[in-house]
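Values in this text are rule-based calculations from the coordinates and carry no lab data. From a predicted model like this one, the values you see are computed outputs, not experimental measurements. Here Cβ is always computed from backbone atoms with ideal geometry, including for glycine, and neighbour counts include all displayed protein chains.
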Amino acid sequence: MRPGILAPTDNFLHLFFNLVYMKKYTIVLLLFVFSTLRSIADEGMWLPQLLQALNEKQMKKMGMKISAADIYNISKSSLKDAIISFGGFCTAEVISDKGLILTNHHCGLDAIQNHSSVENNYIQKGFWAYNYGQELQNPGLFATFIVRIEDVSKQVLNEVTSTMSEKERQSQIDKNINQLKKDYKKESFEDILVRSFFDGNKYFLFVTETYKDVRLVGAPPASIGNFGKDTDNWMWPRHTGDFSMFRIYADKNNKPAAYSPDNVPYTPKRSLKISLDGTKEGDFTMVFGFPSRTTQYLPGAAVKQIMQVNDPAKIGIRAKALAVLIGFMRKDEHIKVQYTAKYASIENAYKKWQGEVLGLTSTNALQKKADYENIFQQRVNANPEWKSKYANVLSELSAAYQKIEPFAYARDYYNEIMPKIELMGIAADLNGMANGYQKEPASYQKLKDKLFAKLEETFKEYNAGVDKKMFESLIEMYVKDQKAANVSPYLTGLLAANNQSYTTIAEDLYSKTAFTSLDKIKALLNATPEEAIIAMKNDPAFMLYSDMQKTYSTSVSPGLNENQAEINKLQRAYMQAQLEVFKEKNFYPDANSTLRLTYGNVKGYRARDAVKYDYYTYMDGIMEKYKPGDYEFDVPQKLIDLYNKKDFGPYAVKGRQPVCFIAANHTTGGNSGSPALDAYGNLVGLNFDRVWEGTMSDINYDPSICRNIMVDIRYVLFIIDKFAEAKNLIAEMNLVHPKQGKK
Ligand code: ARG
Ligand code: GLU
């Protein structure tokens with residue numbers, strides 16, 4: 001078994017270990033099983049520059065028809081030149097020579113919402129630009145390309161020693177990174193980013209190019225782009241046309257530039273060809289994008305805590321927050337427009353964490369971790385060198401997780417609750433301005449202008465009545481579910497003075513504070529800087545905010561940080577140990593918002609006893625789910641008409657219009673909007689979700705139930721062409737038929 005070919009899952013590893021003790025013929029038999037199994041080993045988010053060394057052979061075996069050098073190449077254009085980090089939170093890809101890019105509807109939602117009002121609601125109606133002039137600018141939105149990636153571990157870890165404290169270590173690393181950035185040769189329009197991998201055991205440098213003029217080109221109505229909303233979110237079978245389109249603009253030299261009416265559509269190094277041939281079961285697919293965060297190498301003790309403490313705490317808080325929002329949104333159109341994006345984002349992780357706990361339980365993740373750790377410990381104990389370094393790393397990690405538990409719980413409470421009470425966020429912004437002023441009094445006017453600009457955006461999506469109710473609900477949890485030492489004494493005092501009534505303190509606070517409208521804030525700050533800051537600090541919302549913050553920073557932060565530093569150090573050692581001890585295993589680093597490629601085959605899955613899911617959905621399923629006038633399952637009349645006339649253009653298969661499909665690609669948040677590519681690197685779908693039963697893939701991937709969900713590119717094209725009649729956009733694209741020999 002040569003390393004580099006196989007990515008065994010933990011089960012296989014166990015098997016491998018036991019092999020050594022088996023008879024020869026059994027070994028031959030098992031090796032055979034092993035080699036057939038390896039084509040279903042879909043786990044891994046691989047670094048594009050290492051594909052050739054680690055994955056190419058396996059990928060070809062699984063069906064890939066191109067080479068690793070077609071995917072990542074720094075001397076000529078390759079697929080990676082079509083992949084974009086979209087605003088830093090999603091992925092997008094270039095699909096025309098005029099800089100047209102494709103991402104998810106939920107990734108473009110904020111931009112779509114910013115251009116919407118009750119009278120002109122693009123979330124509801126959709127938006128289409130039929131020429132460049134109609135495209136809409138989006139201040140703050142950017143698109144980043146990766147120019148090249150280099151291993152800089154040596155430089156970054158230079159003079160870092162094992163006896164350093166975590167703080168000393170970090171400051172040496174920061175110093176090295178700064179030096180590296182200074183010395184590194186790059187073009188003026190490029191940026192440099194250095195990121196840690198394998199929990200600080202390796203470092204890679206990314207040269208990037210960021211375009212800042214990204215305009216909205218098209219989005220279907222939410223009844224297509226977010227069809228099925230929260231009921232269907234994270235679920236299969238799925239029928240969502242989760243896409244939106246933007247265009248990158250560049251200066252006259254095709255270089256990044258701030259928005260200007262003189263900018264021109266960007267000419268890309270590479271744009272993806274689009275396949276009209278779809279996929280069938282077993283077809284090879286790749287997903288290329290920017291997965292944000294996974295934790296695959298945690299000890300069982302940490303996984304147990306996630307399942308039993310952290311996820312349940314966060315789920316409980318979000319359930320309350322969502323109940324508050326939906327109550328208002330169902331009754332009031334204006335609030336619904338204002339709170340759509342916030343609601344979707346709270347609900348999203350809420351549901352994911354529920355699936356995560358479920359999946360970790362159903363796949364026996366804790367037992368799998370325990371088995372893996374047993375093998376680890378046996379190997380370590382059998383090797384004197386490893387034993388001297390790693391004998392206690394697992395038990396120390398367990399102890400450290402036990403110590404951090406109460407602090408981590410308090411952290412989750414604080415981090416979940418504070419941002420959902422918008423009044424607290426507004427107080428934090430005001431506080432930021434006051435701190436800035438204290439540091440640099442001369443900049444007061446600038447700070448104030450910046451603050452007002454930010455708050456103007458905040459208040460467009462703000463309703464004090466909603467926020468007051470949110471405050472009342474969440475503050476009650478904050479007080480009742482935590483130990484007294486973690487609760488703000490100022491708040492306890494307010495409650496004592498008001499009969500322990502959360503309603504009364506909420507009424508009182510929201511009627512007295514000036515922080516519920518920009519006009520009131522402006523009036524409050526209309527004085528000399530000193531007076532303004534005193535007035536601000538005497539506002540009851542500020543007093544509460546600052547006492548809650550103070551309580552957190554005295555009773556939670558120190559313990560949390562100290563224990564977290566210890567865990568980081570131990571996890572780094574444990575990661576290093578795993579890399580050494582499991583030499584036969586092909587390791588990939590945890591996701592960290594850097595460019596990764598994942599690959600797997602199209603296939604259904606068995607969700608639970610007697611429930612087996614197919615891998616494709618069709619428009620027939622939309623009509624099955626259709627509920628006229630429903631908040632989640634309404635369907636636009638025009639789509640129904642097209643369906644009834646079977647007017648699908650060239651995008652249907654035997655009279656049926658495909659909508660979504662699933663495959664065993666290992667993806668996570670941030671992979672939204674990532675292209676799903678076929679064996680030739682043609683675009684066949686747009687990644688937007690995972691199946692609920694498999695959301696634990698962030699922590700413990702299991703090939704039996706982990707599937708990513710993609711919208712079939714032919715459904716995207718059908719919507720653009722037949723529903724929106726935006727022929728201008730179809731005309732820009734390069735459509736191919738690889739299965740008919742036209743690649
Ligand atoms: N679950 C997908 C993701 O994590 C889609 C989220 C957007 N849709 C929604 N209904 N909230 O981003
Ligand atoms: N919808 C997710 C995103 O926004 C992708 C789904 C996932 O987490 O796999 O990135």
Notebook entry, point to check: Using the alpha carbon gyration tensor of the range 120-188, what are the three equivalent-ellipsoid semi-axes (square root of 5 times each eigenvalue), largest first, in whole Å?
Noted result: 46, 17, 10
Notebook entry, point to check: Tell me, TRP236, TRP128, TRP386 in order of fewest to most beta-carbon neighbours within 10 Å?
Noted result: TRP386, TRP128, TRP236
Next item on the list: Compute the relative contact order of the chain as a whole-number percentage, counting only Cα pairs closer than 8 Å that sit 6 or more residues apart in sequence.
Entry: 24 percent
Note to self: Can you compute the modelled spin-label distance between LYS186 and LEU735, with each label point 7 Å from Cα toward Cβ, in nm?
What the structure shows: 4.0 nm
Next item on the list: Note down, for the range 688-743, the three equivalent ellipsoid semi-axes (square root of 5 times each alpha carbon gyration tensor eigenvalue), biggest first, whole angstrom.
Entry: 33, 16, 8
Next item on the list: Could you work out the per residue convex hull volume over the alpha carbons of the range 323-385, in cubic angstrom?
Entry: 108 Å³
Next item on the list: Scale the Cα Rg of the range 562-671 by the rule-of-thumb value 2.2 N^0.38 Å and send over the ratio, two decimals.
Entry: 1.72
Notebook entry, point to check: So which trypsin sites (Lys or Arg not before Pro) in the range 619-704 are both in a DSSP loop and have at most 13 other Cβ atoms within 10 Å of their Cβ?
Noted result: LYS646, LYS654
Item checked: Projected area averaged over orientations for the range 589-644, convex hull of C-alpha atoms, nm² -> 7.8 nm²
Next item on the list: Find out how many positive minus negative residues lie around VAL217, taking Lys and Arg as positive, Asp and Glu as negative, among other residues whose Cβ is under 15 Å from that of VAL217.
Entry: -3
Next item on the list: Mark the label point 7 Å from the Cα of ILE74 along Cα→Cβ and return the residues of the range 156-181 whose backbone N is within less than 16 Å of it.
Entry: 156, 180-181
Notebook entry, point to check: Mean separation of Cα pairs under 8 Å and 6+ residues apart, divided by the residue count of the range 385-530: what relative contact order is that in percent?
Noted result: 24 percent
Item checked: Whole-Å semi-axes of the ellipsoid equivalent to the range 476-534 (Cα gyration tensor, √5λ, descending) -> 29, 14, 10
Checklist line | Label-point separation in nm, THR267 to ASP630, each point 7 Å along Cα→Cβ | finding: 5.0 nm
Margin query: Relative to 2.2 N^0.38 Å, what does the C-alpha radius of gyration of the range 67-143 come to as a ratio? Two decimals please.
Written below: 1.34
Next item on the list: Scale the Cα Rg of the chain by the rule-of-thumb value 2.2 N^0.38 Å and send over the ratio, two decimals.
Entry: 0.99
Checklist line | Segment SER162-SER67, extension gain: residue separation times 0.36 nm, minus the distance between their alpha carbons | finding: 30.2 nm
Item checked: Residue order, fewest to most surrounding Cβ atoms within 10 angstrom, among THR492, THR363 -> THR492, THR363
Checklist line | Ranking of THR695, THR240 by count of other Cβ atoms within 10 Å, fewest first | finding: THR695, THR240
Notebook entry, point to check: Which Rg and Dmax, in Å, describe the Cα atoms of the range 421-465?
Noted result: 11.5, 37
Check: Taking only the alpha-carbon positions of the range 635-743 and ignoring solvent, what does the Debye formula give for the base-10 log of I(q)/I(0) at q = 0.17 Å⁻¹?
Finding: -0.91
Check: What does the charge add up to near ASP191, with Lys and Arg as +1, Asp and Glu as -1, over the other residues with Cβ less than 11 Å from its Cβ?
Finding: -1
Next item on the list: Filter the cross-link list LYS320/LYS454; LYS269/LYS420; LYS480/LYS512; LYS182/LYS403; LYS420/LYS520 down to pairs whose alpha-carbon distance in this structure exceeds 31 Å.
Entry: LYS269/LYS420; LYS182/LYS403
Notebook entry, point to check: Rg (Å, one decimal) plus Dmax (Å, integer) for the alpha carbons of the range 378-458?
Noted result: 23.6, 67
